[in-house]
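Student: Pasting a structure here, questions to come.
The values are calculated or read from the model by the stated rules, or taken from the named source; none is laboratory data. Since this is a predicted model, take the numbers as computed values, not measurements. Note that we place each Cβ from the backbone using ideal geometry, even for glycine, and neighbour counts take in every protein chain shown.
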Amino acid sequence: MIQDIPDPVALFPEASPGPGDHVLLADRAGGVALAPWTPVSTATVPLVRVGEKTFFLGATPGVAPGPSQRLRALPDPGLRFGAFCALHLANWLLTHRHCGRCAAPLARAKGCLRCPECGLEAYPAIAPAVILGLTHRGRLLVTRYADRPYKGPALVAGYCEVGETAEETCRREALEETGLKVGALRYFASQPWGLSGTLLLGFFGEAEDPGALALADGELARAEWLAPDELPPPPDAAGALSLTAAMIEAFAKGTVR
């Protein structure tokens, strides 16, 4: 998966930009651009260091923003994961400019933002979410989103709500998205996913009545039960980068049931 890299990762390192570093632009409309640092780049905040590469918040003249999904196509594993982490931190910084308690401008401190007026400390926000592989008699339910930039194969998924366990989220999302009830759940793996600022928790669960399948809430455009030899390949050229792709691949290989 995207986090499986050999290089050490450090958040908010003390660094000045130089050759080999990169600059990330994240605009208010959700556009993203990543470019190698040059002397004409604007590099304001060191976001993350992966190995010898440091990623800065800033901009590079002539480099225009585009969809964040294009970061998935970056060729180098460390560069790709660094860009994901940098985007997560950049989006957090851009949406946390003022103190939520007294409204004073926040200042960067070691690993957090601190209010100079009231002392409030704010740490990077991470949203927990689940990915659920719904199975029934050797088949996996593969979905497609109705209105998201990502158009590849997906599984049932959703954010955890306040007071809810990850297992309860799986059952609620399955019912809301597909009309299906789930039996026993089996944990698979977890993954940080910087494009959405989430920590993903993967589970497999057997559908109790597959005949009740109904795309009720409009989030999914399609859902179909597929046998292992019918499952799609990973949507990324580098292989199973996402937890979703890793779960589909594992089911296709017969390592989970």
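Student: Within the set of pairs 6 or more residues apart or between chains, which connect a residue that is more than 20 Å from Glu249 (Cβ to Cβ) inside the stretch 180-191 to a residue that is among the polar types (S, T, N, Q) and surrounded by 14 or more Cβ atoms within 10 Å (Cβ to Cβ) with Cβ atoms less than 9 Å apart?
Tutor: Pairs that qualify, where the first residue is more than 20 Å from Glu249 (Cβ to Cβ) and the partner is among the polar types (S, T, N, Q) and surrounded by 14 or more Cβ atoms within 10 Å (Cβ to Cβ): there are none.
Student: Name the single residue, out of those in the stretch 88-105 being touching a residue at least 12 places away in the same chain (Cβ under 8 Å) and assigned to a loop (DSSP other than H, G, I, E, B), that is nearest to Ala127 (Cα to Cα).
Tutor: Selected residue: His96.
Student: Which of the following residues is part of a strand (DSSP E or B) and in contact with a His (Cβ under 9 Å, 6 or more places away or on another chain): Leu113, Leu79?
Tutor: Result of the check over Leu113, Leu79: Leu113.
Student: Please count how many residues of the stretch 215-247 are assigned to a loop (DSSP other than H, G, I, E, B) and acidic (Asp, Glu).
Tutor: 3
Student: Another question, then. Could you grab me the full set of residues in the stretch 34-51 that are touching a helix residue (DSSP H, G or I) at 6+ places or on another chain (Cβ under 9 Å) and either assigned to a strand (DSSP E or B) or among the acidic types (Asp, Glu) (or both)?
Tutor: Answer for the stretch 34-51, where residues must be touching a helix residue (DSSP H, G or I) at 6+ places or on another chain (Cβ under 9 Å) and either assigned to a strand (DSSP E or B) or among the acidic types (Asp, Glu) (or both): Leu34, Val45, Leu47, Val48, Arg49, Val50.
Student: Can I ask one more? Quick one: what pairs do we get from the stretch 14-42, first residue free of Cβ contacts under 8 Å to residues at least 24 places away in the same chain, second among the acidic types (Asp, Glu) and crowded, with 20+ Cβ neighbours inside 10 Å, C-beta under 7 Å, 6+ apart or different chains?
Tutor: Close Cβ pairs satisfying both conditions: Trp37/Asp21.
Student: Phe56 - would you say it is aromatic (Phe, Trp, Tyr), surrounded by 15 or more Cβ atoms within 10 Å (Cβ to Cβ) and out of contact with any helix residue (DSSP H, G or I) (no Cβ under 9 Å at 6 or more places or on another chain)? Give the steps one after another, and end with the answer.
Tutor: Details: aromatic (Phe, Trp, Tyr): yes; surrounded by 15 or more Cβ atoms within 10 Å (Cβ to Cβ): yes; out of contact with any helix residue (DSSP H, G or I) (no Cβ under 9 Å at 6 or more places or on another chain): no.
Considered against the rule, which asks whether it is aromatic (Phe, Trp, Tyr), surrounded by 15 or more Cβ atoms within 10 Å (Cβ to Cβ) and out of contact with any helix residue (DSSP H, G or I) (no Cβ under 9 Å at 6 or more places or on another chain), Phe56 comes out as no.
Student: For the stretch 108-122, name all the residues that are exposed (fewer than 13 other Cβ atoms within 10 Å of the Cβ), within 27 Å of Leu195 (Cα to Cα) and modelled with pLDDT of 95 or more.
Tutor: Glu121
Student: Any chance you could count how many residues in the stretch 211-231 are surrounded by fewer than 16 Cβ atoms within 10 Å (Cβ to Cβ), closer than 19 Å to Arg139 by Cβ, touching a strand residue (DSSP E or B) at 6+ places or on another chain (Cβ under 7 Å) and not basic (Lys, Arg)?
Tutor: Final tally of qualifying residues: 3.
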